[in-house]
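Only the coordinates and a few stated rules stand behind these numbers; no lab work does. Please read all numbers here as calculations on a predicted model, not as lab measurements. We place every Cβ from the backbone using ideal geometry, glycine too, and count neighbours over all the protein chains shown.
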Amino acid sequence: MAVLYAAMFESLILLACLVAGGCVSHGAAEQATPGTSPPSASSFSVYALSRGTGVPERTRQVFQEIRALLEDAQRQGKIVRLQQTRIGLEGETRLCVECSSSAVAQELFEKLRALGKGVELLNVVMETCPER
C-alpha cells in the first residue's frame, strides 16, 4: 500500500512541476531552460497527461490519431524529428516534433490544436524539444 501511495505522490509532484514550469501551458513564448536550445518556431510538443487515474481513454485515442498524422508528415519529409517520451508513472507522454520549416510547424501546430480542442488533458504547446 505504501508503494502505491509513493507512486501516486511522485506522479502528482511531476505533474505539479510540469505545470509550474510552464511545460503544459498554452503559451507560445517559452523560455530556454538548461539543456535545451532557445525556443524555435519550428518545433512543438504534444502532451497526454493524467490526474492520478491514468490518461483518459479519449485523450489516448486523440493522442494516437495525432501520432499517426505526424508519422505521415514525417514520411512526407515535413518532420525531421519525432520523439515520444514517457514523462510520468501513469502513461503521461510527451511527443516532441521538429519540423523542416517554421511554416510547416505552424500549419501542423494549428491543425493539431484544432484536433485536440476540448480533449481533456491533451496539450499542444509551441516549445523547443529537449536535446537528444
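Things worth noting here:
- Separation of alpha-carbon centers, the range 92-132 and the range 44-90, rounded to whole Å: 9
- Ranked by the mean number of other Cβ atoms within 10 Å of their residues, highest first, the peptides 54-60, 42-48, 92-98, 82-88 fall in the order 42-48, 92-98, 54-60, 82-88.
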